[in-house]
Amino acid sequence: MAAFKNTCLVYEGSNFFRQRLILSTLSMRPVKIKNIRFKDEEPGVRDFEVCFTELLDKITNGTLVNINETGTVVYYQPGLLYGGKIEHDCGTGRSIGYYLEALVSLAPFCKKPLNVTLYGVTNDDCDPSVDAIKYSSLPVLKKFLINNEGIEIKIIGRGMAPNGGGQVKFTCPICKQLMPVQLTNPGKVRRIRGVAYATRVSPQMANRMVDAAKGILLKFLSDVYVYTDHCKGKHSGKSPGFGICLVAETTEGAFLCAEAISNPSGSDKGPSVPEDIGKKAACLLLEEIYRGGCIDSSNQSLAALFMALGQVDVSKVITGPLSPYMIQFLRHTRDFLQVIFKMEVQHQENENIGTEKVLLTCVGIGFTNLSKAQT
């Protein structure tokens, strides 16, 4: 087993950089990534990828990261997950969601409960927003933890692209082992909640997005409520913007999330219309509901990771069609953890209730948090 852990996995290219480092950290297997954008005019790793390795270095103890002179080769040797209280400036290259998704995957396995404050862009059109992670990723995490009290994401200040200025606090307890799950009944949508936010623009922008989104959603469901969050002063970041995040909750406790956001200030695409943003978010949510499953498309890989790391028992989860990100994640899970998932297509009896679903089944490797402090 020790020899297996010490063997270095080698990959090429810049795609799925986070996946590889997250799985490397959990499996304690070193990884070497070569030929990173070596044909680009600006070859090598980007600032946000370096920033991500720095964050991993802060929450671990003994991590070694070597980047060659051109930045096209990265060698990552993981240390032990330590956790504790840290602060990290995420910059403006990618939003806080890019880093927060990784922390949600790693936090339960730290030695000390994680209490991290992140600074940067809270909402952009590239990564899941902090709101989406709060409303859809945390419920997935809670299904696998025995003790899920104290899991919280608090948005202290919003920061829109391109200049950021937001602040987010994430806290998560530690656990020794994850529970196996049987999520095979998605249930029916019973209510829709959400938040419409606006920073450094008129408060009416949020209300206009809410009216447009409800104009579509109320045709299907009466229980629709969207909060408005108009940030002022130091809590409004450094750039103007607005957006809306919607989440549908089913009778069985599944959360399906979708969001839309205005174009960044100074964008080539020009200014956004609040009504268009509201309608876009509502349509994306309906599409997510159509895809269905117990886990929404943005959290498929998170559920698969926790299934693979769970106790030596069978876990089952029904999802909608697998996303490209999820397909690659399953390949990486096989490489790093030696876990292979069984996938079965679930044909719908009624063709009017969404796409074909996928039943994911696997036996966990019995991952135990060896770093956990003894009490």
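The values are calculated or read from the model by the stated rules, or taken from the named source; none is laboratory data. Quick caveat: nothing in here was measured; it's all calculated off a predicted structure. We place every Cβ from the backbone using ideal geometry, glycine too, and count neighbours over all the protein chains shown. Quick note on the areas: whole protein, heavy atoms, side chains included, nothing else; ligands and nucleic acids left out. Shrake-Rupley method; radii C 1.70, N 1.55, O 1.52, S 1.80 Å.
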**Report entry** Accessible area in square angstrom per residue, the chain, 1.4 angstrom probe
**Finding:** 45
Query - Shape of segment 1-117, Cα gyration tensor, a/c cut at 1.5 - result: oblate
Query raised in the report: Given the rule -39500 (n - 2.57) for each run of at least 4 DSSP H residues, summed and divided by the residues of the chain, what is its mean residue ellipticity at 222 nm, to the nearest 500 deg cm²/dmol?
Result: -8500 deg cm²/dmol
Query - Amide H contacts under 5 Å for Gln346, placed H, 5+ residues apart - result: Lys357, Val358, Leu359
Requested in this report: List the chymotrypsin sites (Phe, Trp or Tyr not before Pro) within segment 179-238 that fall in a DSSP loop (any state other than H, G, I, E or B) and whose Cβ has at most 14 other Cβ atoms within 10 Å.
Outcome: Phe220
Report task. Take the alpha-carbon centre of segment 139-186, take the same for segment 311-368, and report the distance between them in whole Å. Result -> 21
Query - Difference of contour (0.36 nm per residue) and Cα-Cα distance, Thr361 to Tyr227 - result: 44.5 nm
Report summary line: Hits for the chain under the membrane-span-like helix rule (DSSP H, Cα axial span at least 24 Å, Kyte-Doolittle mean at least -0.5) are 274-291
Query raised in the report: So for Asp276, Asp229, Asp211, what's the accessible-area order with a 1.4 Å probe, most first?
Result: Asp211, Asp276, Asp229
Report summary line: For Lys176, counting only aspartates and glutamates whose alpha-carbon sits under 16 Å away and dropping same-chain residues fewer than eight positions off, the answer is Glu149, Asp313
Query raised in the report: Can you list residues whose amide H is under 5 Å from Tyr82's amide H, if they're 5+ apart or on another chain and H is modeled 1.01 Å from N?
Result: Thr60, Asn61, Lys111
Query raised in the report: For segment 108-116, what does the Karplus curve 6.51 cos²θ - 1.76 cosθ + 1.60, with θ = phi - 60°, yield as ³J(HN,Hα) per residue in whole Hz, taken in order and with x for Gly and Pro?
Result: x, 9, 7, 6, 10, x, 7, 9, 10
Report summary line: Along segment 153-169, Karplus-curve 3J(HN,Hα) (6.51, -1.76, 1.60; θ = phi - 60°) to the nearest Hz, with x for Gly and Pro, reads 10, 10, 8, 7, x, 8, x, 8, 5, x, 9, x, x, x, 9, 9, 10
Query - Hz values of 3J(HN,Hα) by residue in segment 132-144 - Karplus curve (6.51, -1.76, 1.60), Gly and Pro given as x - result: 4, 5, 5, 8, 10, 7, 4, x, 5, 4, 5, 5, 9
Requested in this report: Give the label of the value calculated from the structure for Cα extents along the principal axes in Å, choosing from [x] 60, 50, 48; [y] 101, 77, 40; [z] 109, 83, 52.
Outcome: [x]
Query raised in the report: For the chain, modelled as a GNM with alpha-carbon contacts under 10 angstrom, which of Thr333, Thr53, Thr319 fluctuates the most?
Result: Thr53
Query raised in the report: In segment 85-202, carbon and sulfur make up what percent of the accessible area (probe 1.4 Å)?
Result: 45
Report summary line: Partner lysines whose C-alpha sits under 21 Å from that of Lys58, ignoring same-chain residues fewer than 8 away, are Lys32, Lys85, Lys111, Lys112, Lys154, Lys169, Lys372
Query - Carbon plus sulfur fraction of accessible area for segment 275-326, probe 1.4 Å, in percent - result: 57
